[in-house]
Every structure is written in structure tokens, then in C-alpha cells.
Amino acid sequence: MLIARTLDELRQHLSVYKQPAFVPTMGNLHDGHLDLLRTAKPLGDITVASIFVNRLQFLPHEDFGSYPRTFDSDCDKLKSVGCDLLFAPDETQLYPQAQTFKVQPDPALADILEGQFRPGFFTGVCTVVMKLFHCVFAHSGGVAVFGQKDYQQLMVIKQMVKQFALPVQITSVATSRAPDGLALSSRNGYLSAEERAEAVQLSRALQALAQAARSGLARGEFDVAQAEQAALAGLRDRGWAPDYLTLRHQSDLSPVMVLSHAPMVVLGAAKLGKTRLIDNLELAFGAAPH
Ligand code: PAF
């Protein structure tokens, strides 16, 4: 596996390829990232990963400083799944001067849910992803692979690619989970043993909300707000501090007011101790009965 530390090195390595398959990451890689790499591998003529902890997507009180930097073990993992090229720039490469030009995503999509609780998060994500795409796809179009665990991020990036007509095809990969159902995340490493045992309750709360919606649809009556409040209260009772647990339309993440057969997704974010976890679950009801 080649390692490019600078934009020039990256562009030089990539100049002979026609279709890079790219997985951007912030490092501290786990099996979920490796699934993205495995998916990317057959989609391009070179498999590229990046590791860059992007300051722009962290609020001042968040964990930018303590975000785990595990470069050597990340490299071993990338090699094990056949990654050909790793782009691992330092900040002077990606942000040689204060990044005052930024990519501003559509507030209707980016200022809700994660964007409401982490203002500016998606501006930071879009800005770095746009920059990474310009570097990786400088000579060609290609494919970029993202996880469905960051459901809203995936939607925002798809919209950015579409609206800026970027020559990049976005492929998504289902969330990788631990055997108990906890969504894999770099931040799971912050959990104490006791918290780790409890952490699966976030996905259980989402499953319960999804199940309540399914039964409500079958009965023909369902109070969405009441079900969401019950789900929030359930997590609070267990000692969590939830930001949201909510039923949304898959098309635009708008709130579900009245239950229908339109594709929906349940999304949640909650803090357990000092660790903030997110997860989601798509609901497909099939065609409406005639
Ligand atoms: O999902 C992530 O790890 C980050 O948000 C990304 C896409 C690498 C941008 O920094």
C-alpha cells in the first residue's frame, strides 16, 4: 500500500488511473470501515482511502483533540483488505490557510437532526469531502463509498454531488453491527465496559419505535409524537441523554405527521455518559394494500 502525505504525491500516484474507488475516513478504523473498503475494491481500478481528522466538523467542545489517532494499526487494517493507496495529509496540506471558503449544504437537510445538535457539522463535512474529491478525482471520475450509519451525512453528500455535478458515483453500505446489535463506530471505544453493555439500547429503542409504527400502520392509527416521546423517555429512564429519536421520511428526512406506506427511517442520537452515539433503521412497508 502506497501512502501519500501531500496533494502532489496523491495526484501523481493517481494520474494513471481512470476510476479510483475512494473511502474517506477519519481513521481509528473498525470493521465497518473495512466493509466500505471491501465494497470499494471491485468498483474501481485503484482503491484509495483517506485518513484525516477534520477539525472543521467538530464544535469547540467536541472531541477533535481526543479523537483516537491510530495510524499504524489503521495501515495494517487497510493493507488486510487490499487498499492500494492511503492519503494521509496533515492539516497544512488540506488547510494551508484558514478555510474561509466553505460548502454550505441545503439548510432544509443539513440544519435538522445532527445539524440541529451539531451546528456547522455538515458544512465541515461537505467542505472536506469536496476538497478530498477534488484531490482524489483530479484526473478522472470515480466512485466514493459511505456508510449508511451516517444516514443524514450520506444524503447530504449525495445532494452535494448532484447539485455540483461532481463526476463521482456515491455507493452506500449497510451499517456493520456488533453481535449484540450495536452499530460499529469509532466512538464506541470511549465507552466503559458497563456503558458498552448498555449501548445496544439505542438500536433497541429504534427497533421498538419502528415496531410501534408498523403496528400503528396495521391498526390504522398511530400518534407519532407520542411514540417518539415514549421512546425518548425510555432511554432517559435508563440514564441516557437523548438528542432525538424520530420517525422521518426517507426521501428528505422531513417529520412523519401521518403514517403512510411511504418509505420511512427511524433515526436516533443520544449520549451515554460522555459518549454520543447515533444509529438509524429503515422501515419498508411494501406497497399499500388496495
Ligand atoms: O464519516 C466520516 O468519517 C467523516 O465525516 C468524513 C466523511 C470522513 C469527513 O471527514
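The values are calculated or read from the model by the stated rules, or taken from the named source; none is laboratory data. As the structure is a prediction and not an experimental result, all values here were calculated from the model. Because the Cβ atoms are built from the backbone with ideal geometry, glycine has one as well, and the counts that use them run over all protein chains shown. Side chains included, ligands, DNA and RNA excluded: accessible areas come from the protein's heavy atoms. Shrake-Rupley method; radii C 1.70, N 1.55, O 1.52, S 1.80 Å.
Quick one: which residue in Q169, Q159, Q152 is at pLDDT 95 or above, surrounded by fewer than 22 Cβ atoms within 10 Å (Cβ to Cβ), more than 10 Å from the ligand (Cβ to nearest atom) and more than 16 Å from T39 (Cα to Cα)?
Numbers: Q169 fails: more than 16 Å from T39 (Cα to Cα); Q152 fails: surrounded by fewer than 22 Cβ atoms within 10 Å (Cβ to Cβ).
Sole residue among the options that is at pLDDT 95 or above, surrounded by fewer than 22 Cβ atoms within 10 Å (Cβ to Cβ), more than 10 Å from the ligand (Cβ to nearest atom) and more than 16 Å from T39 (Cα to Cα): Q159.
Checking the condition away from the ligand (no atom under 16 Å from the Cβ) and either under 20 Å from C126 (Cβ atoms) or aromatic (F, W, Y) (or both), which residue from L2, L7 passes?
Numbers: L2 fails: either under 20 Å from C126 (Cβ atoms) or aromatic (F, W, Y) (or both).
The conditions single out L7.
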Top-ranked residue of the stretch 236-290 - restricted to ones that are closer than 20 Å to L191 by Cα and assigned to a loop (DSSP other than H, G, I, E, B), ranked as most open to solvent (accessible area, probe 1.4 Å): K274
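Here's the yes/no breakdown for (1) over 16 Å from T175 (Cβ atoms); (2) in contact (Cβ under 8 Å) with a residue 40 or more places away in the chain:
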site	(1), (2)
E194	yes, no
A197	yes, no
R204	no, no
A210	no, yes
L217	yes, yes
P255	yes, no
Test set (1) within 23 Å of P20 (Cβ to Cβ); (2) within 13 Å of the ligand (Cβ to nearest atom); (3) charged (D, E, K, R) - E114 fails condition number: (1)
From D90, D74, residue being crowded, with 19+ Cβ neighbours inside 10 Å, over 15 Å from V136 (Cβ atoms), within 16 Å of the ligand (Cβ to nearest atom) and not β-branched (V, I, T): D74
Members of the stretch 26-70 that are away from the ligand (no atom under 12 Å from the Cβ), touching a residue at least 40 places away in the same chain (Cβ under 8 Å), open to solvent by 60 Å² or more (accessible area, probe 1.4 Å) and more than 19 Å from A144 (Cα to Cα): R69
Subset of the stretch 150-183 [in contact with an Asp or Glu (Cβ under 7 Å, 6 or more places away or on another chain) and either farther than 24 Å from H30 by Cα or assigned to a loop (DSSP other than H, G, I, E, B) (or both)]: Q159, S176
Near pairs, Cβ below 7 angstrom, 6+ apart or cross-chain, from the stretch 115-132 (closer than 17 Å to D63 by Cα) to any residue that is aromatic (F, W, Y) and open to solvent by 10 Å² or more (accessible area, probe 1.4 Å): G115/F121
Near pairs, Cβ below 6 angstrom, 6+ apart or cross-chain, from the stretch 95-109 (more than 13 Å from G124 (Cβ to Cβ)) to any residue that is surrounded by 10 or more Cβ atoms within 10 Å (Cβ to Cβ): L109/V156
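Of the residues that make up the stretch 132-140, is at least one part of a loop (DSSP other than H, G, I, E, B), more than 25 Å from S251 (Cβ to Cβ) and open to solvent by 60 Å² or more (accessible area, probe 1.4 Å)?
Yes.
In this structure, is E228 open to solvent by 30 Å² or more (accessible area, probe 1.4 Å) and in contact with a strand residue (DSSP E or B) (Cβ under 8 Å, 6 or more places away or on another chain)?
On the way: open to solvent by 30 Å² or more (accessible area, probe 1.4 Å): yes; in contact with a strand residue (DSSP E or B) (Cβ under 8 Å, 6 or more places away or on another chain): yes.
Against the criterion (open to solvent by 30 Å² or more (accessible area, probe 1.4 Å) and in contact with a strand residue (DSSP E or B) (Cβ under 8 Å, 6 or more places away or on another chain)), E228 qualifies.
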